[in-house]
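Following: one structure in structure tokens, then a few remarks.
The values are calculated or read from the model by the stated rules, or taken from the named source; none is laboratory data. Treat the numbers as computed from the prediction; the structure is a model and nothing was measured. Here Cβ is always computed from backbone atoms with ideal geometry, including for glycine, and neighbour counts include all displayed protein chains. All accessible areas refer to the heavy atoms of the entire protein, side chains included, with ligands and DNA or RNA removed. Shrake-Rupley method; radii C 1.70, N 1.55, O 1.52, S 1.80 Å.
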Amino acid sequence: MKHEIKQPIRQGLKRELRQGLKKVEGGSKHGLALTVLILMLVSNMLPAGAEGAGAAGESLQMSKSELSDTIILYMKILYLGEEGELPEAEFLTGAAAAYLEQAAESDGSVLKIATPNVIKSASFIGDSNLGVFAHLSNPPLMKMDADGHLVGQLAESYEVSENNTQWTFYLKDDLYWSDGKKVTPKDIEFSIRYYGEKTPWARWINDTLESSAVSDADNSVTFKFNKPYTRINLEFATYDILPAHVWESIENPMEYLNEGPYVGCGPYYLKQIDLNAGKLVFEKNPYWKGKAPAFGSVEVHFYSNVDVATLALENGDADTYYKYAGSYPYPNIEQLEKTGDFDFLEKTNIGLVFLAPNLKKAPLSDLEFREALSYAVNYEEIVRLETLGYGDVPNHGFVPPSMEAFKETEKLEYSPEKARKILENAGYSDSNGNGILEGKDGKDIELEILIRPDYARTGELLKEYLEQVGIAANLRTVDADTWITMKDSYAYDLTVTRSTPWGMLMHASWGSGYFDSRRTGQGVMHNVEDPKFLQLCDEALATTDPAELEACAHELQDYYAEELPAIPLYWNNVVTPFNREFEGWYADPLYGIYNLDNFLNVHGI
Amino acid sequence: MREGLKKVVRYAASFFLIVTLNFALPRLMPGDPVKNLIGEDVYVSEGVMEELRAGMGLDRPLYEQFTAYIGDLLRLDLGYSYHLHSPVADILRDRIGWTLLFVGVSVLLGTALGTLLGAYAGWKPETKANRLACCGFITLSCTPPYFLALLCLEIFAFKLGLFPFKGFYDVPTPGSIAHHMFLPVTVMALFSASRNFLIMRGSVIQEKGQLYALYARAKGLYDTSILFRHVIKNASLPIITLLALDFGFLFSGALFTEIVFSLNGMGTLIYDAIIGKDYPVLQGSFLVIALAVLLANMLADLLYEVADPRVRRPA
């Protein structure tokens with residue numbers, strides 16, 4: 001199966017180039033002088049200058065390689081008499097001027113991002129937040145587009161064998177490291193193997209990768225696994241690609257601390273990590289051949305306190321705000337709006353907050369009890385209080401609509417009457433008249449709700465809702481570590497927790513990684529042992545066919561809706577403010593606005 | 001001599017107890033450093049977890065871990081941070097330097113300011129200016145440093161735009177460092193001054209009623225001479241105690257102020273280490289703090305003897 005990667009930007013450029021072409025009418029001295037002039041101008045560009053900008057809708061802007069292609073074409077037609085359409089002289093001079101103008105403008109401009117994701121160590125491989133920010137300098141092979149589809153980033157296309165054990169990635173051929181060396185398939189092979197050998201979280205690569213091969217002929221790298229692996233395209237959207245010629249001499253990359261610069265192959269390279277100034281500085285990659293970014297440099301400023309980060313934005317110290325798997329703080333949005341300097345990008349988070357029942361213990365092991373519970377919760381109120389309106393009442397199907405292959409299921413409803421009725425029909429009654437229903441063992445139902453401090457208010461609300469339908473509840477608020485210990489030993493009745501975007505995508509995806517009892521991990525509930533669910537997970541894990549995956553996704557959402565292994569409490573929106581002076585922002589479901597395309601597309605108005 | 005020996009034994013015993021507690025306390029916290037290191041949504045096999053545990057030495061029995069810890073300490077090896085990927089000694093060296101600059105200057109300024117103003121306020125408590133100062137410092141001492149820091153940031157950095165929001169510097173030059181440090185140092189110094197002010201004021205009020213002060217006045221000494229040559233010496237004993245205690249504070253940093261101003265100091269280092277169950281960093285940090293407090297107490301003992309002849313006089 002071959003997956004071609006759409007390249008609307010490149011196609012747009014070609015279209016624009018065609019618009020600027022016309023039939024040759026004959027050579028002239030004027031043409032020669034023009035060509036020489038343009039060549040001199042381009043060749044004298046500073047290495048750090050813009051590499052061109054071929055955005056659709058900006059007819060004169062193109063990348064350096066496209067501008068050179070056009071000039072070469074012009075020369076071939078004009079002096080060697082080759083057949084073809086000759087670009088107009090005005091078009092060429094205009095394009096060169098636009099290129100130079102943008103280079104001059106962008107070199108001094110800085111895009112500043114405020115973030116509460118603090119970098120704690122100058123370890124490129126070891127610091128998890130740094131790993132996310134380094135996507136700009138060392139982009140992964142794949143990426144997720146705005147609709148949640150996996151598409152190539154460094155890869156032009158990829159294919160996977162019928163039995164899903166062999167994955168081949170074809171690289172783009174215009175990628176260069178910031179030290180001038182070409183990005184080769186060996187770099188990709190090295191990076192993936194390096195992570196597998198040197199980092200614990202990627203040890204699965206080491207354990208399952210049987211062999212790998214590179215082909216310079218078709219610029220590809222092939223990975224062969226010892227068992228079917230169907231999520232490689234997703235996994236490879238997270239691993240930053242490293243230059244083999246730099247990193248192969250570093251024996252222990254986790255312990256390798258360096259404040260920069262680091263060689264990168266993205267539009268920018270990581271120039272400096274300054275922990276004491278609280279910033280990362282990315283500078284333009286002088287050898288970047290793709291669309292030119294509009295900014296000379298990008299700075300990521302980290303703030304230990306979210307409130308201070310919001311003040312910095314209001315003060316104009318930053319152009320946007322980024323938090324992995326999180327939104328700009330809802331209470332501060334209004335204040336920022338008042339400055340009149342920011343617009344907001346709003347997108348439903350694919351992570352969500354949910355209520356997880358302990359399916360191993362009565363009465364939560366009873367589906368009817370869980371169904372009653374789902375009616376007892378006042379979702380509207382929770383959405384209003386927790387998201388200040390930047391959220392929605394979720395569906396029974398758990399998965400938020402921003403996730404690929406979302407299936408519309410019934411919306412969760414608040415109806416204490418229905419909850420009481422279901423409980424009564426299921427045999428839960430208050431025979432002693434003390435206001436608390438009795439379980440099937442005859443004892444009063446008193447649920448223990450395990451809460452982390454982050455969800456203290458949600459816990460209080462849930463306690464009230466349960467009491468309204470005759471269920472007593474105790475809140476047990478514990479720190480994160482105690483929560484994990486208790487959750488892993490199933491020492492709770494109900495707990496409130498959340499899923500992250502990556503969490504929703506891991507395992508068989510659509511949140512299944514949180515529930516599959518065969519999995520372990522700090523944040524996962526591993527509470528579903530139902531063979532039907534496990535089989536669904538296995539089926540999803542066994543295919544790379546988009547149609548089959550979609551069918552599995554729908555079945556999983558149906559399962560969530562019918563069996564209620566978790567009750568989603570709210571879907572929240574990720575709100576990202578951005579400076580009004582710039583446009584072209586978009587967010588992807590995995591990394592939000594921190595994706596390479598934003599840094600290429602965003603430009604001044 | 002015997003007294004000195006007793007003190008040495010006492011300090012040595014305290015040190016051993018501290019080292020033992022340093023080892024035990026982090027391990028008494030709930031949570032698993034290995035799981036913490038892996039993160040929430042990452043799946044790794046049990047085999048890898050065990051391998052990591054072994055690499056950290058956490059698979060060994062506690063007594064073996066303790067003897068290894070003591071052995072490392074004797075070789076002046078504070079271990080290796082799980083999360084910061086660096087030797088603990090290097091991390092501490094870097095953080096202590098900045099913390100000394102930030103908290104050390106604040107404590108010194110606060111002590112000097114609080115002591116002098118407090119002494120004057122205690123000497124003439126009835127004047128309007130001193131009453132006002134007293135009210136002001138009481139208010140400051142009751143204000144949580146976190147709130148005070150945010151308030152200063154809101155006014156001076158956000159509203160007036162006089163100071164930056166975060167970090168030790170933009171570029172590592174003395175000017176940039178001074179510009180960035182001004183607000184956090186001011187906040188901490190004010191907070192420290194308020195405590196010193198109140199203690200000194202009370203102490204001077206108590207001392208000025210003593211017979212030696214009356215005698216000095218009877219000798220015909222001026223007010224300032226009585227205060228600064230006689231009273232302040234005796235009244236400063238509690239300040240010495242407070243200063244010794246502040247040494248611990250000095251090295252543990254000022255967590256909340258560091259968080260507000262995004263400063264990479266000892267406070268955030270310890271806080272992150274607690275959250276991340278980074279035992280070596282916790283052990284190393286607590287050890288440094290404990291040593292600093294022990295040292296400060298020894299100095300305080302010496303200073304008591306200098307300041308108060310009754311202390312060095314045999315009972």
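Quick notes
- Accessible area, probe 1.4 Å, largest first, for residues A:246, A:575: A:246, A:575
- For residue A:493, the solvent-accessible surface computed with a 1.4 Å probe is close to 10 Å², ligands and nucleic acids excluded.
- For the protein assembly as shown, the Cβ-based charge dipole about the Cα centre amounts to some 4960 debye (Lys, Arg positive; Asp, Glu negative; other atoms uncharged).
- The stretch B:94-307 pair-distance distribution - Cα-Cα, 10 Å bins, rounded %: 8, 29, 31, 21, 9, 2, 0
- Residue pairs, from the table A:172/A:347; A:224/A:284; A:143/A:279; A:279/A:338; A:198/A:284, whose Cα atoms sit over 32 Å apart: A:224/A:284
- Occluded residues from the stretch B:138-154, i.e. those whose accessible area drops by 30 Å² or more once the chain is not alone (1.4 Å probe): B:150
- Scattering profile of the stretch A:157-240 at q = 0.12, 0.14, 0.16 Å⁻¹ [log10 I(q)/I(0), Debye over alpha-carbon scatterers]: -0.34, -0.46, -0.61
- Here the stretch A:466-605 is described by how far its Cα atoms reach on the three principal axes: 57, 40, 30 Å, from widest to narrowest.
- Principal axis dimensions, the stretch B:79-149 - Cα atoms, whole angstrom, descending: 58, 23, 14
- Of the accessible area of the stretch A:481-605, computed with a 1.4 Å probe over protein heavy atoms only, carbon and sulfur atoms account for 53 percent.
- Solvent-free Debye calculation, one equal scatterer per alpha-carbon of the stretch B:2-78: log10 I(q)/I(0) at 0.11, 0.14 Å⁻¹ equals -0.43, -0.62.
- Sparse-neighbour loop sites [GluC sites (Glu not before Pro); the stretch A:542-596; at most 13 other C-beta within 10 Å; DSSP]: A:581
- According to the Kirkwood relation over distinct C-alpha pairs, the hydrodynamic radius of the protein assembly as shown is 31.8 Å.
- Cα long-axis angle, helix B:88-99 against chain B (0 to 90 degrees, to the nearest 10): 30
- With a Förster radius of 60 Å applied to the C-beta separation of residue B:89 and residue B:229, the computed FRET efficiency comes to 0.85.
- For the chain pair A and B, buried accessible area totals roughly 3700 Å², probe 1.4 Å, rounded to the nearest 100.
- Count, lysine Cα pairs under 30 Å in chain B, 8 or more residues apart or across chains: 13
- Hydrodynamic radius of the stretch B:108-215 by the Kirkwood approach over all distinct alpha-carbon pairs: 15.3 Å.
- At a probe radius of 1.4 angstrom, the accessible area of the stretch B:2-78 per residue rounds to 61 square angstrom.
- Surface exposure of the stretch A:390-503, expressed per residue as accessible area with a 1.4 Å probe, stands at 43 Å².
- Dipole-positive endmost among A:489, A:566, A:257 within the protein assembly as shown (Cβ charges, Cα centre): A:257
- 14 Å beta-carbon shell around residue B:211, net charge (K/R +1, D/E -1): +2
- Relative contact order of the stretch B:94-307, pairs being alpha-carbon contacts under 8 Å that are 6 or more residues apart, as %: 29
- Using the Cβ-Cβ distance between residue B:142 and residue A:581 with R0 set to 41 Å, the FRET efficiency works out to roughly 0.40.
- Calculated FRET value between residue B:206 and residue B:16, using beta carbons and R₀ = 30 Å, to 0.05: 0.20
- When the solvent-accessible area of the stretch B:2-78 is split by element, carbon and sulfur atoms take up 67 percent of it, the probe being 1.4 Å.
- Dividing the convex hull volume of the alpha carbon atoms of the stretch A:439-491 by its residue count gives 70 Å³ per residue.
- Estimated 222 nm signal from helices in the protein assembly as shown, with DSSP H stretches of n ≥ 4 weighted -39500 (n - 2.57), rounded to 500: -14500 deg cm²/dmol
- Rolling a 1.4 Å probe across all protein chains gives residue A:500 an accessible area of roughly 10 Å².
- Between the listed residues B:49, B:67, B:29, the Cα displaced farthest toward the positive end of the dipole of the stretch B:2-78, a dipole computed from Cβ unit charges relative to the Cα centre, is found at B:67.
- Projected label distance in nm at residue A:562 and residue A:467, using a 7 Å step from Cα toward the beta-carbon: 3.7
- Label-point gap, in nm, between residue B:162 and residue A:460 - each point 7 angstrom along Cα→Cβ: 3.8
- Taken about its Cα centre, chain B carries a charge dipole of about 2040 debye when Lys and Arg each add +1 at the Cβ and Asp and Glu each add -1 at the Cβ.
- Applying the criteria of a DSSP loop state and at most 15 other Cβ atoms within 10 Å to the trypsin sites (Lys or Arg not before Pro) of the stretch A:390-461 yields A:440, A:443.
- The residue among A:285, B:303, A:77 whose Cα reaches farthest toward the positive pole of the charge dipole of the protein assembly as shown, with charges on the beta-carbon of Lys, Arg, Asp and Glu, is B:303.
- Reduction of at least 30 Å² in accessible surface, 1.4 Å probe, comparing all protein chains with the chain by itself, residues of the stretch A:169-204: A:200, A:201, A:203
- Couplings 3J(HN,Hα) of the stretch A:456-465, computed from phi: 4, 5, 4, x, 4, 5, 4, 4, 4, 4 Hz, in residue order, whole Hz [Karplus 6.51 cos²θ - 1.76 cosθ + 1.60, θ = phi - 60°; x for Gly and Pro].
- Solvent-accessible area of residue B:135 with every protein chain in place, 1.4 Å probe, in Å² to the nearest 10: 80
- For residue A:254 and residue A:109, the difference between the fully extended length at 0.36 nm per residue and the C-alpha to C-alpha distance is 48.9 nm.
- For the stretch B:1-143, a Kirkwood radius taken over Cα pairs fed into Stokes-Einstein (4 °C, viscosity 1.567 mPa s) yields D = 63 µm²/s.
- Here is the list for the stretch A:459-519: trypsin sites (Lys or Arg not before Pro) lying in DSSP coil, each with at most 13 other C-beta atoms within 10 angstrom of its C-beta, are A:518.
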